[in-house]
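Read the structure below first, then the notes.
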Amino acid sequence: MPLAPVTQVSGRAVYIPGADIDTDRIIPARFMKCITFDGLGEFAFYDVRFDEHGQKTGHPLNDPRFAGASILLAGLNFGCGSSREHAPQSLRKYGFNGVIAESFAEIFFGNSTTLAMPCVIASAGDLAALRKEVDNDPATVVTIDVVARRARSAGGLDFPVTLPESAREALVSGRWDPIQELLDNVAAIDAKAVELHYV
Amino acid sequence: MGKSLFQKVWDNHRVGTLADGRTQLFIGTHLIHEVTSPQAFGMLRDLGLKVKFPQRTFATVDHIVPTVNQDAPQDPLAAAMMTALRDNADEFGVTYFDLSSGKQGIVHVVGPEQGITQPGTTIACGDSHTATHGAFGAIAFGIGTTQVRDVLATQTLALEALKVRRIEVNGQLPPGVYAKDVILHIIRLLGARGGIGYAYEYAGDVFARMSMEERMTVCNMSIEGGARCGYVNPDAKTVAYLRGRPYVDMTDFEATAAGWLAFASDADAHYDDIVRIDAAAIEPTVTWGISPDQGIAISEMIPDPAAAATQGERDSIVEALAYMKIPAGAPIKGVGIDVAFIGSCTNGRLSDFREVAKYLRGHKVAPGVTALAVPGSQIVAVQCEQEGLPQIFRDAGFEWRDAGCSMCLAMNPDKLVGDQLCASSSNRNFKGRQGSSTGRTVLMSPLMVAAAAVRGSIADAREVFALEPDASIV
Ligand code: SF4
């Protein structure tokens, strides 16, 4: 199962304000009544994109200037709360390819990496500068360079971002989905199961 | 230097090191439910894989089950999810505690109840509150659906080791202060992001005195503090709780128990961080905002953005208060409620209902308040029946329901309507969490929920129920 290496992702960006954006916010629980992940894209951020009457709110994802954005910019602890993979799945299906935030919740981070969606951390200052540029020119192209651990913008910003080495390695070597490697170690798995009396 | 329980269990379960540097960790027990498993079984089928050790996987249905007329025809999507779980369990040979088993319930209630949750083991479940099982000295991870697939197919996960923070709470908890208050207090102090990268070890005499059910309440909310797992070291109480449970091998129980206890952290274990908290300083605690770390003691005022130290803090207070529609600087006590909910994997066990029933007799739910009591499992429901608890709740004006997650996340018909405010014993006060995009949640202990139900507003249970100084359960 050779997977495509994820060395960099690029696209227009949109900023979703606020700290501690939880996965209930990203995909409200009622949209998890499903047995496949198909179709989750249209419900991403649903309850903040639409009001009680189904009317569009002033949420950035409703702003035509940011239509088609594929890089999400966020604040601290993005993706906290529920472990639901429905959250990164809905972002992927909505069209996002990468996230730059001040920090991430762990389960969300892991889920996203396994979906080949790099999540990188930038300083508050660098993110603020990037947001400013995106706000002034929503068409500006933002690139997350996973190999070099940098983010760049068409407007000339170029700053360091971080992600754990294991995630970087998994993305750039095309091993972001670990299933084959896990399966390959079947002998060691069987030995461990016996050693620990699980079977 | 000795090892912490986390390190012992981790080292024990390490299968190898992966090319990206992560550990391949053996998962002793896999718990699954209807929301996060169907896609994983789908992936398994696509890859032509089987479940590696079907006897190590246990399924139940909890999130979407209705809590009245559970067997009656229901919403077609929910029915499809239940059918999918049934079919997957049958096809792959997985044990399924279904609605007719008498053992169905919230996955984090069922595991311990059945004795599936054991010290020194690793547990994974596609649910972030899997840390609940850490109450038994297990290392229990909440995982995503692709990882559910990984565990199904290989009984292992690719994981990065965690640091360990020991949180010591010593001293005497005041009357009316419960396990829920302790964990809300810890999360308030350390923040919703404070635990990122850590496993939390809860230690000190407060946790030593707690019952297993109280320890579960604490470990349950580790993720609300950002910690992926949390645990209490196993002791005599752990052993006593597990003795004779269905999935505990009783052939040489003393040896088994000795093995469990050996997993407890060594006295000279290494910790990456240690936090000490004075139990006497903890009050009944409630949340006021939209993140579980936005908590205050019942006697305190709702925060004022004007007093915030940083712009970021100011912004989050403003956002939370706008959503909660409560005034800055005013007492939290007295804020009107519409709904009261006692249940969930945090506080839906026998001791929770018992403790509330002790005080609820003779009181009535305030007019206009809808009050729900939802046992965490069918077994909890039976235990409550045996003690006559449902009648006490009904007499007071509570609706006594069947087992499930219910209004904790409202994937079943139990939902808030509009901007109703719910006093809730669950674990999350996120925007929209209880089924209405404008619904409001205030987290608190079960007895505080009962007090709010009786007053019709957020209240101090110690006043409402005239708690005696010896009434504390810890
Ligand atoms: S009770 Fe709530 S938190 Fe617990 S498993 Fe169910 S939905 Fe999740």
Q: Please find, within the stretch B:412-453, the residue that is farthest from the ligand (Cβ to nearest atom) out of those that are in a strand (DSSP E or B) and within 22 Å of B:Asp62 (Cα to Cα).
A: B:Ala423
Q: For the stretch B:151-172, indicate whether the set of residues that are within 16 Å of the ligand (Cβ to nearest atom) and either open to solvent by less than 10 Å² (accessible area, probe 1.4 Å) or in contact with a helix residue (DSSP H, G or I) (Cβ under 7 Å, 6 or more places away or on another chain) (or both) is non-empty.
A: no
Q: Residues being part of a strand (DSSP E or B), closer than 24 Å to A:Thr114 by Cα and open to solvent by 10 Å² or more (accessible area, probe 1.4 Å): count how many of those fall in the stretch A:150-175.
A: 4
Q: Could you check B:Thr95 against (1) within 14 Å of chain A (Cβ to nearest Cβ); (2) more than 16 Å from the ligand (Cβ to nearest atom); (3) in contact with a strand residue (DSSP E or B) (Cβ under 6 Å, 6 or more places away or on another chain); (4) open to solvent by 10 Å² or more (accessible area, probe 1.4 Å) and say which number it fails?
A: (1)
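Anything in the stretch B:136-150 that is within 14 Å of the ligand (Cβ to nearest atom) and either touching a strand residue (DSSP E or B) at 6+ places or on another chain (Cβ under 6 Å) or within 11 Å of B:Tyr231 (Cα to Cα) (or both)? List them, or say none.
Result: B:Ala140, B:Ile143.
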Q) Hey, does the stretch B:396-408 have a residue that's away from chain A (no Cβ under 14 Å), over 16 Å from the mean Cα position of the chain (by Cα), part of a helix (DSSP H, G or I) and more than 16 Å from the ligand (Cβ to nearest atom)? A) yes
Q) All but one of (1) more than 11 Å from every other protein chain (Cβ to nearest Cβ); (2) surrounded by fewer than 20 Cβ atoms within 10 Å (Cβ to Cβ); (3) not in a loop (DSSP other than H, G, I, E, B) hold for A:Phe31; which doesn't? A) (1)
**Q.** Hey, B:Arg45 within 7 Å of chain A (Cβ to nearest Cβ) and either open to solvent by 40 Å² or more (accessible area, probe 1.4 Å) or over 14 Å from B:Val148 (Cα atoms) (or both) or not
**A.** no
Q: Report yes if some residue within the stretch B:36-59 is modelled with pLDDT under 95, in a loop (DSSP other than H, G, I, E, B), over 30 Å from B:Asp266 (Cα atoms) and hydrophobic (A, V, I, L, M, F, W, C); otherwise report no.
A: no
Q: Answer yes or no as to whether B:Ala89 is over 24 Å from A:Leu115 (Cα atoms), within 15 Å of the ligand (Cβ to nearest atom), more than 11 Å from chain A (Cβ to nearest Cβ) and open to solvent by less than 20 Å² (accessible area, probe 1.4 Å).
A: no
Q. Can you pull out the strands (runs of 3 or more DSSP E) entirely within the stretch B:197-280 that have at least 2 residues that are among the β-branched types (Val, Ile, Thr) and over 26 Å from B:Asn429 (Cα atoms)?
A. none
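Just checking, how many residues over the stretch A:178-195 are outside any helix (DSSP H, G or I) and open to solvent by 30 Å² or more (accessible area, probe 1.4 Å)?
Within the stretch A:178-195, residues that are outside any helix (DSSP H, G or I) and open to solvent by 30 Å² or more (accessible area, probe 1.4 Å) number 1.
The values are calculated or read from the model by the stated rules, or taken from the named source; none is laboratory data. Remember, it's a predicted structure, so these values are computed and weren't measured experimentally. Positions of Cβ are backbone-derived with ideal geometry, glycine not excepted, and every protein chain shown enters the neighbour counts. The area values use the complete protein model at the heavy-atom level, side chains included, leaving out ligands, DNA and RNA. Shrake-Rupley method; radii C 1.70, N 1.55, O 1.52, S 1.80 Å.
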